[in-house]
Amino acid sequence: MTTVDRLVGAGVERIDGPAKVRGTAPYAYEQDPGEPICSVAVVQSTVNRGRITRLDPTAAEAMPGVLAVLTPANAPRLGEGLASDLPVLQSLDVHYQGQIVAAVVAESSEIAKAAVGAVAVEYAAHEPDVVLSTDRPDLYAPPQLMAGYETDSVIGDVEGALAAAAVTVDATYETPTQHNNPIEMHTSMARWDGDRLTLWDANQGPHNIVNDLMTAFGLERGQVRVISPYVGGAFGSKAFTHPNQILAAMAAKVVGRTVVFELTRQQMFCLVGHRTPTIQRVRLGADAEGRLTAISHEVVEHTSRISEFAEQTATPTRVLYAAPHRRTTHRLARLDVPPPTIMRAPGETPGMFALESAMDELAHSLGIDPVELRVRNEPERDPERDVPWSSRNLVACLRTGAERFGWAGRDLRPGVREDGRWLVGTGVAAATYPARRRKAECRITGHGDGRWTVEIDGSDIGTGAWTALTQISADALGVGLGAVELRIGDSDLPFAGGAGGSTGLASWGSAIVLTAREVRRQLDERYGGQLPADGIVVKGEVPGPSPHAEQYSMHAFGAHFVEVRVDRDTGEVRLPRASSVYAAGTIVNARTARSQFLGGFSMGVSMALHEGTIADERLGHYVNHDLAEYHVATNADIGDIDIHWLDEDDPYVNELGIKGIGEIGITGAAAAVANAYWHATGLRVRDLPITPDKYFRALGQG
Amino acid sequence: MDTQITLRVDGADHPLTVDTRTTLLDALRERLRITSPKKGCDHGQCGACTVLLDGRRVNSCLVLAVTVDDAEVITSDGLAAGGEHPLHRAFLDNDAFQCGYCTPGQVCSAAGVLAEARAGWPSTVTDDLTADEVDLTDDEIRDRMSGNLCRCAAYAHIVLAVAAVAEAEGVRR
Amino acid sequence: MREFRYERAADPASAVALLAAEPEGAFLGGGTNLVDLMKLGVATPDVLVDVRRLTSAEVAELPDGGLRIGAAVPNADLAADRRVRERFPVLSQALLAGASGQLRNRATTGGNLLQRTRCSYFTDVTRPCNKRSPGSGCGALQGVHRNHAVLGQTLEGPATCVATHPSDMAVALAALDAVIRVLGPDGEREVPMAELHRLPGDDATRDTTLRHGELVTAIDLPPLGMPSRYRKVRDRASFAFALVSIAAAVRVADGVVDDVRLAFGGVAHKPWRATTAEDALRGRPATEESFAAAADAELAAATPLRDNAFKVPLARNLVVRTLLQLTEGAR
Ligand SMILES: Cc1cc2nc3c(=O)[nH]c(=O)nc-3n(C[C@H](O)[C@H](O)[C@H](O)COP(=O)(O)OP(=O)(O)OC[C@H]3O[C@@H](n4cnc5c(N)ncnc54)[C@H](O)[C@@H]3O)c2cc1C
Ligand code: SF4
Ligand code: FES
Ligand code: FES
């Protein structure tokens, strides 16, 4: 084997890039199923909880071009064991507003959508119960949180320490319901060939989807193939199976043709999950020098009646700062809402908004620079697990960020800087996200002519996995990029968990590295280091979490510094510049990594200033259910963003030293913005998003 | 109600039958299977469906196909007909996308922005409305590109990409 | 979407004749609002008469120094028109603050004027809404209404409606005393801008005083002769409807307000011409105090809802700020 320069780390251009900029990379709907495609459109419940009392499909069935109307009365029975809202059309019960109560299959999308309006449905319904509050009597402690975290953690005597603290903060922060809203809407195209199902689908991990389809349709492994090489964003909503995949397969089965179910943007607000709203009380106690003595973080959030999704909101508080007395709790209310799901950095994203806002409030109470406050509370070891860090460079991120941003000499006082009618402020917050590794399998085929095929059911939802995995493969095999053909996004490929939890590259990359090692070993042992003329096929895997995961606490860290300007007359907020610095282990591709950090941070700005889904408390529905009303940041909302990362070599996390970068950028970003807003205006807005109305509310003028 | 029309897309004529209800976007994607323009909202709110219609950028999801059977449609794919388009190169150079789903719309929109700037059209951030020419500053690019949402939030890189082409082509900055 | 017939007409008169015979038909401009509403099932025309290129797509000089804008002029072209930029910057700015570059390329002047409210109860056919379905109730009144009206609403009865008119352009036209030229089955008529849009009053379904089948052919702008300016406040920096916007023009002589025009967007069912404030300002010293007093006089009539009281101080601040900017140097 020839040696080549290490590709990992290089800013290799995206190998899927040329097709994406032209628009020729085939996303789910754009695949060729080999026959004309029929369309599915759905009727959705207009009540939150109740039962269908009448459902009349006859008018819709009579419309020319309508192939079938599926209802709970005639829909094929699905297998037992489907969770949450996956038993589509299996009962007359309604559990959330927007639930699919009937589906039309038609020759064209125009016909299907028109026929939906012709299906008459009546309900017997309860009053909707959609409002989260901290005084609900039905709040309960879930058995555990997402990702297996403990529901509560208690160390020492928080109340006693708070009572004795020289300085305390006691504040409640709220984040609203948020929706992932990838720009590609969830879309599933299904075709049956006998008892074999093919689904071209927008998801974050085909294997995840296959399992539910097997359960739903009583299929064996090998009878279902889910194909998803290109996915138009996901941010968590495409991680798990949602009703759309089940319904597409069901509809195709009923009509015996290829069908596509492309959600509408409005349907994206109830059928594919959301981030729970949170109400978070944070109490901090510190001595006069700013050393924390107590941290308490109590979270109230929601889940649906038919699923338990307990977002791990206070978990970053378990790792970020040292304090002898600490407590985190999570309580849920079951509301008449659609099932929540993961959205970019579930837990860390809302949790860090609260914790890092509270740290800013504490810094102000103490009269200490907020960077210094954080540095003073840097823990030697994981403060709750009491194990060492595999690597931790938060302080270096804070120092480097301060330097790049020009933080030195910052005036601590709020509301004193003006530039014309702009009030100007700066803010800082930390970022953190756990580094994990998951089981993944890989198959590497060496062809006699020196080409290599690397196969793994990884997924590129925009992360750059196509490119980064090719780089990793080329390095691991010791060949050039051009010699590697990567295949991902297909459940027929070797198993891998989906893109989620920032584990993708860490897990898939490790599987590739380990498999490539096995390739080299076999080549050396059996073929004298040469690739045999008839090629070689080697399977390998990474079994799961890092073997060091028990002994070490593994996290990526970062720091955001932002400038915010607030119009004194109107409360409009602008973000002209920011610096974000990360220490996140090995950076495999400098070019795509920059985009990941940038995208995560910018989404955090969007969360801070724009995002929030609003439920009508009486009618129970999500009111702003489209992209004109659910605001996400536009190009004009994002200023000059300086992205930087530190070299970090972590020998414990995985084979490549990768910590994962897809999510850390969003964590803490909203707090940095809110802290800068306070510094600009002297107004502390503790409920996101910070829209102009809140400026007037904070001033007592509305 | 079915109607016969001919769509001229990326230089080729496509006679086809559409429902009067069919939008240009659905005619392209669902009937002709020309899938370079994407659907992100179907209501003019995201810009993923942006194409050049007789040279102007428009949201093809709000245009009824029957209304444009005499028009010329160019998609991002069509921009590359004569070889790699400078905007494609700039988007690649600056990694101005992640998932790529909004990207063909961003590219078409950027082509529109450059043409509009050359024509001296102002924007909401233009200070001097009466100036003969506009300077396509970063802030100008930001505002002009704001009809194209990018949930991956590649915005800062999109600005770099558009700016690079503007500079290369002598559009005032 | 309901099935419909698509028609093109040879000239405006035949378009008007066509639609006169079709009680459920509609004119189609750029379609950026109508097609949107048809997809949502809010608009259900059975015939569309395409007028996008039927009326004039030109901006023409009027003898008095004003301009005549053809109803087919795209929003983008109108905003970029040199004469508009120089003589009526408020109009250019209003257009540029609206929608997106793509939408402005397709949207027409006539269609922009007649676009319907963005109230999300109106655009969702499964919700109560007196505007869409009279007597079904106003979902927004007790519901989500942070961005609804604070002035001139109907707050009780079957016509209860607290929606706002979404057009930025229309706010500028209101301040400019524009005149709408209309062709109907009975011939041509002129409608002053102040009389085009209406408050919900006792019929929330009607946004304007136009009758079915009346075609907007052009908009006349009388000469202005004052500096003017549009300022829009929205939830994000671009591509969002107004929370509150203001169109203002003012002339100061010897430190005194000689003439002034003020109109608000985002506060009412129609572009809100602030005549009370104007009256309070004419002949008064051009000072921050008189600007604020005039704004307060106008906004004294405000009846904010549970969650939109912020619009009142916001509108007030916009008046003061915009007038101060326009009179800088003349004060
Ligand atoms: C996502 C989005 C964001 C937007 N943001 C803004 C914004 O910030 N500010 C803003 O002002 N606007 C905004 N708009 C609205 C946009 O300006 C309007 O959709 C557009 O101006 C309508 O023009 P059109 O020619 O497309 O009208 P059409 O949709 O064709 O028609 C609208 C109405 O006018 C009627 N009509 C059209 N032409 C005539 C005529 N000549 N005579 C009589 N009746 C006629 C039609 O029958 C229809 O009822 C936005 C739209 C979208 C989709
Ligand atoms: S405000 Fe008007 S448009 Fe909105 S729900 Fe009430 S009646 Fe309908
Ligand atoms: S799909 Fe046309 S703007 Fe979103
Ligand atoms: S690149 Fe994913 S939405 Fe823009």
- Could the peptides A:467-476, C:184-193 be put in order, highest first, of the mean number of other beta-carbon atoms found within 10 Å of their residues? A:467-476, C:184-193
- Message: If I take R0 = 22 Å and measure r between the Cβ atoms of residue A:135 and residue A:305 in this structure, what FRET efficiency does the formula 1/(1 + (r/R0)^6) give, to the nearest 0.05?
- Response: 0.65
- Query: Between chains B and A, what is the buried accessible area in Å², counting both sides, with a 1.4 Å probe and ligands, DNA and RNA left out, to the nearest 100?
  - Reply: 4500
- Item | Calculated SAXS-style log₁₀ I(q)/I(0) at q = 0.19 Å⁻¹ - region A:542-642, Debye, Cα scatterers | -1.01
- Task: Using the Kirkwood radius over Cα pairs, work out the Stokes-Einstein diffusion coefficient for the protein assembly as shown at 20 °C and 1.002 mPa s, in µm²/s as a whole number.
- Result: 69
- Where does the charge balance sit around residue A:146 when Lys and Arg score +1, Asp and Glu -1, over other residues with C-beta under 12 Å from its C-beta? -4
- Note on the structure: The equivalent-ellipsoid semi-axes of chain A, taken as the square roots of five times the Cα gyration tensor eigenvalues and listed largest first in whole Å, are 40, 35, 22
- Over chain A, what is the mean sequence separation of C-alpha contacts under 8 Å (at least six apart), divided by residue count, expressed as relative contact order in percent? 17
- Note on the structure: Nearest-0.05 FRET efficiency for residue A:122 and residue C:136 at R0 = 25 Å, using Cβ-Cβ distance, is 0.95
- Query: Considering the zone a paramagnetic label at residue A:396 would reach in this model (a point 7 Å from Cα along the Cα-to-Cβ line), which residues of region A:545-559 have amide N under 18 Å from it?
  - Reply: A:553-559
- Rounded to the nearest 5, what % of the DSSP beta bridges within region C:1-157 are antiparallel ones? 35
- Query: Treating the beta-carbon of each Lys and Arg as +1 and of each Asp and Glu as -1, no other charges, what is the dipole magnitude of the protein assembly as shown about its Cα centre, to the nearest 20 debye?
  - Reply: 600
- Task: Just the number, please: Stokes-Einstein D of region B:32-173 in µm²/s, Kirkwood Rh from C-alpha pairs, 37 °C, 0.692 mPa s.
- Result: 215
- Counting only heavy atoms of protein chains, what accessible area per residue, in Å², does chain A have with a probe of 1.4 Å? 31
- Task: Determine the total buried accessible area between chain C and chain B, counting protein heavy atoms only with a 1.4 Å probe; round to the nearest 100 Å².
- Result: 3300
- What's the FRET efficiency of residue C:44 with residue A:83 using the Cβ-Cβ distance as r and R₀ = 35 Å, to the nearest 0.05? 0.35
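What do you get for Rg/Rh of region C:228-327 when both radii come from the Cα atoms and Rh is the Kirkwood radius?
Expressed as Rg/Rh, it is 0.97.
If we sort C:229-237, A:176-184, A:144-152 on the protection proxy, mean other Cβ atoms within 10 Å, highest first, what's the order?
A:176-184, C:229-237, A:144-152
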- Message: Under the √(5λ) rule applied to the eigenvalues of the Cα gyration tensor, what semi-axes describe the equivalent ellipsoid of region B:2-79? Give them in Å, descending.
- Response: 17, 14, 11
- Averaged per residue, what accessible surface does region B:86-168 expose to a 1.4 Å probe, in Å²? 26
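Sum up the charges of everything whose Cβ sits under 11 Å from the Cβ of residue A:351, counting Lys and Arg as +1 and Asp and Glu as -1, but leave residue A:351 out.
-3
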- For region A:304-458: rounded, prolate or oblate by the Cα gyration tensor [a/c cutoff 1.5]: prolate
- Query: Per residue and in cubic angstrom, what volume does the convex hull of the Cα atoms of region B:103-145 have?
  - Reply: 55
- Query: By Kyte-Doolittle mean hydropathy of at least 0.0 and Cα axial length of at least 20 Å, which whole DSSP H helices of chain A are selected?
  - Reply: A:348-366, A:590-609
- The alpha-carbon pair-distance distribution computed for region B:86-168, with 10 angstrom bins and whole-percent values, is 20, 54, 23, 4
- Task: Please determine, in degrees from 0 to 90 and to the nearest 10, the orientation of helix C:311-327 with respect to the longest principal axis defined by the Cα atoms of chain C, where the helix direction is its Cα long axis.
- Result: 60
- Message: Quick check: the angle from helix B:103-118's long axis to the longest principal axis of chain B, C-alpha only, nearest 10 degrees?
- Response: 60
- Note on the structure: A student applying the Cα gyration tensor rule (rounded when a/c is under 1.5; otherwise prolate if a/b is larger than b/c, oblate if not) would label chain C oblate
- Considering only lysines 8 or more places apart in sequence, or on different chains, count the pairs in chain A whose C-alpha atoms sit under 22 Å apart. 6
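Counting pairs of alpha carbon atoms under 8 Å apart in space and at least six apart in sequence, what relative contact order in percent does chain C give?
Dividing the mean separation by the residue count of chain C yields 17 percent.
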- Item | Label-point gap, in nm, between residue A:527 and residue A:147 - each point 7 angstrom along Cα→Cβ | 4.0
- Message: Could you check the spin-label model distance between residue B:3 and residue A:159? Points 7 Å from the Cα along Cα→Cβ, value in nm.
- Response: 7.4
- Net charge near residue A:230: determine it from the other residues with C-beta under 10 Å of the C-beta of residue A:230, scoring Lys and Arg +1 and Asp and Glu -1. -3
- Query: Ratio of region A:130-186's C-alpha Rg to 2.2 N^0.38 Å, to two decimals?
  - Reply: 1.71
- Task: Return the long-range amide H neighbours of residue B:3 (sequence gap of 5 or more, or a different chain), with a cut-off of under 5 Å between placed amide H atoms.
- Result: B:18, B:19, B:20
- In region C:274-310, what residues drop by 40 Å² or more in accessible surface going from the chain by itself to the full protein assembly, probe 1.4 Å? C:310
- Enter the Cα centre distance for the pair region A:1-74 and region C:197-274, rounded to the nearest angstrom. 43
- Note on the structure: Pseudo-spin-label distance residue B:81 to residue C:325, built 7 Å along Cα→Cβ, given in nm, is 4.3
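Order of A:605-613, C:317-325 by packing, highest average Cβ count within 10 Å first?
A:605-613, C:317-325
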- Item | DSSP beta bridges in region C:1-94 [antiparallel fraction, %, rounded to 5] | 30
- Task: Report the residues of region A:544-571 in range of a label on residue A:381: point 7 Å along Cα→C-beta, backbone N strictly under 13 Å from it.
- Result: A:551-553
- Heavy-atom accessible area of chain A with neighbours in place, 1.4 angstrom probe: carbon+sulfur share in percent works out to 49
- Task: Please name whichever of C:242, B:41, A:514 sits farthest to the positive end of the charge dipole of the protein assembly as shown, dipole taken about the Cα centre and charges placed at Cβ: Lys and Arg +1, Asp and Glu -1.
- Result: C:242
- Query: Given 0.36 nm per residue, what is the gain on full extension from residue C:202 to residue C:253 after removing their alpha carbon distance, in nm?
  - Reply: 14.1 nm
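The values are calculated or read from the model by the stated rules, or taken from the named source; none is laboratory data. Just so we're clear, the structure is a prediction, and the values are computed from it rather than from any experiment. Positions of Cβ are backbone-derived with ideal geometry, glycine not excepted, and every protein chain shown enters the neighbour counts. Note: accessible area is taken over every heavy atom of the protein model, side chains too, but ligands, DNA and RNA are not part of it. Shrake-Rupley method; radii C 1.70, N 1.55, O 1.52, S 1.80 Å.
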